[in-house]
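S.K.: One structure is given below, represented as structure tokens, and several questions about it will come after.
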Amino acid sequence: MKDLDLRGRHAVVTGAASGIGAACATALRTAGATLTLLDLPGLQLEAHAATLDAQVLPVDLADDNAVSRLRLEADILVNSAGLQRVASVNQLPLDVFRRMQAVMVTAPFALAQCVLPSMYAKGWGRLIHISSIHGRRASALKSAYVAAKHGLEGLSKVLAVESGPHGVTSNCIAPGYVRTPLVTGQIADQAQALGLDEESVIAEVMLARSSIKRLLEPEEVADAVLYLCSDAAAFVTGTSLALDGGWTAQ
């Protein structure tokens with residue numbers, strides 16, 4: 001999307017300190033948007049924001065009270081924050097399950113509530129949610145993540161139905177395994193849980209159902225975000241764009 005011009009647009013990106021969120025923030029800034037970056041407090045968020053001349057809002061998105069106090073206006077909202085815990089259902093602590101739903105479903109709902117008034121006032125807006133292929137398919141040991149991503153996909157569709165008449169679109173992007181710190185952590189966790197070495201986890205578990213045998217890069221997800229912000233995607237809403245290397249074609 002080299003010709004995309006987002007000057008005059010303001011984007012809010014969650015999970016912006018690293019991984020997909022960081023790549024999305026960089027791509028949006030390169031296209032001309034100004035930025036507000038949300039993530040857990042830390043030097044990594046501050047350093048990334050400094051390179052992009054971005055506003056920083058350190059916040060724990062699992063904290064309902066902290067999220068409810070946010071006051072934001074935006075033309076573009078990218079819900080990218082996420083976390084993973086690999087464990088069987090009978091070994092996953094309930095508080096971990098709840099935290100994952102809070103970050104990946106409740107926070108996107110609350111942030112949409114926050115930014116929709118300014119989008120409606122302008123008659124233009126883009127709600128973009130980084131879902132996962134696990135918003136469409138299930139995998140063992142990922143009950144909380146699968147539940148959250150399915151919930152996010154449903155939320156996006158409702159937002160699309162309600163916001164379309166106001167010039168606002170809502171879409172998900174559903175990647176397969178992306179080369180991020182979150183995925184790197186999963187490799188070690190699954191190796192331990194499944195009794196495999198890490199190379200076998202990548203080849204036999206992560207890429208087994210993908211016809212393209214490599215991890216997706218964060219910048220490729222960011223390119224899809226830019227597409228959804230473009231005029232070419234003005235009639236695209238309520239969808240989920242799969243970047244899964246052919247996983248769901250099977």
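The values are calculated or read from the model by the stated rules, or taken from the named source; none is laboratory data. The shown structure was predicted, so the numbers you read here are calculated from the model rather than taken from an experiment. Note that each Cβ is placed from the backbone with ideal geometry, even for glycine, and that neighbours are counted across all protein chains shown. Heavy atoms of the whole protein, side chains included, go into the accessibility calculation; ligands, DNA and RNA do not. Shrake-Rupley method; radii C 1.70, N 1.55, O 1.52, S 1.80 Å.
S.K.: Starting from the Cα of Lys142, draw a straight line to each of the aspartates and glutamates and keep only those under 16 Å, dropping any in the same chain fewer than 8 residues away.
M.R.: Of all the aspartates and glutamates, those that pass the test against Lys142 - Cα under 16 Å, at least 8 places apart if same chain - are Asp95, Asp189.
S.K.: Where does each of Tyr177, Tyr120 land when they are ordered by accessible area, with a 1.4 Å probe and the largest first?
M.R.: The residues order as Tyr120, Tyr177, largest area first.
S.K.: Next question. Using mean Cβ contacts within 10 Å as the protection proxy, how do 12-21, 38-47, 77-86, 110-119 order, highest first?
M.R.: 12-21, 77-86, 110-119, 38-47
S.K.: Given the DSSP H assignment, sum -39500 (n - 2.57) over each helix run of at least 4 residues in the chain and divide by its residue total; what's the result at 222 nm in deg cm²/dmol, nearest 500?
M.R.: Value at 222 nm, helices only: -12000 deg cm²/dmol.
S.K.: At a threshold of 8 angstrom on Cα-Cα distance, excluding pairs fewer than six apart, so keeping six or more, what relative contact order does the chain reach in percent?
M.R.: 20 percent
S.K.: I would also like to ask the following. For Leu241, what is the net charge nearby, where nearby means another residue's Cβ is under 12 Å from its Cβ and Lys, Arg count +1, Asp, Glu -1?
M.R.: For residues surrounding Leu241, the net value is -3.
S.K.: Continuing with this model, one more query. Using 0.36 nm per residue of separation minus the Cα-Cα distance, give me the extension gain between Glu219 and Arg179 in nm, one decimal.
M.R.: That pair, Glu219 and Arg179, stretches by 13.4 nm at full extension.
S.K.: Continuing with the same structure: Over all directions, how big on average is the projection of the convex hull of the alpha-carbon atoms in region 15-143, in square nanometres?
M.R.: 8.6 nm²
S.K.: While we're looking at this one, here's another question. Ala138 to Leu196: extension gain in nm, 0.36 nm per residue of separation minus the Cα-Cα distance?
M.R.: Full-extension gain reported as 18.9 nm.
S.K.: Once the other residues with Cβ under 9 Å from the Cβ of Arg136 are scored (Lys, Arg +1; Asp, Glu -1), what is the net sum?
M.R.: It works out to a net charge of 0.
S.K.: Would you mind computing the Rg to Rh ratio of region 116-162 from its alpha-carbon coordinates, Kirkwood style for Rh?
M.R.: Ratio of gyration radius to Kirkwood radius: 1.14.
S.K.: Let me ask something additional. In percent, how large is the relative contact order of region 35-144, given Cα pairs closer than 8 Å and 6 or more residues apart?
M.R.: So the answer I get is 30 percent.
S.K.: Percent of Cα-Cα pairs more than 22 Å apart in the chain, please.
M.R.: 52 percent
S.K.: In terms of the Cα gyration tensor, with a ≥ b ≥ c the square roots of its eigenvalues, is region 74-172 rounded because a/c is under 1.5, prolate because a/b exceeds b/c, or oblate?
M.R.: Note, shape of region 74-172 comes out prolate.
S.K.: How long is region 1-69 along each principal axis, judged by its Cα atoms, biggest number first, in Å?
M.R.: So the three principal-axis extents are 39, 23, 18 Å.
S.K.: Next question, about the same structure. Please give the per residue volume of the convex hull enclosing the alpha carbon atoms of region 70-127, rounded to a whole number of Å³.
M.R.: 75 Å³
S.K.: Using only the Cα atoms of region 186-250, each taken as one equal point scatterer with no solvent, compute I(q) by the Debye sum, divide by I(0), and report log10 of the ratio at q = 0.12 Å⁻¹.
M.R.: Debye curve over Cα of region 186-250, log10 I(q)/I(0) at q = 0.12 Å⁻¹: -0.45.
S.K.: I would also like to ask the following. Translational diffusion coefficient of region 115-250 at 20 °C, 1.002 mPa s, Stokes-Einstein with Kirkwood Rh over Cα pairs, in µm²/s as a whole number.
M.R.: 134 µm²/s
S.K.: Can you pull the accessible area of Tyr227 for me, 1.4 Å probe, Å² to the nearest 10?
M.R.: 80 Å²
S.K.: Arrange the residues Glu217, Glu199, Glu204 by how much accessible surface each exposes, largest first, with a 1.4 angstrom probe.
M.R.: Per-residue accessible area, sorted high to low, gives Glu199, Glu204, Glu217.
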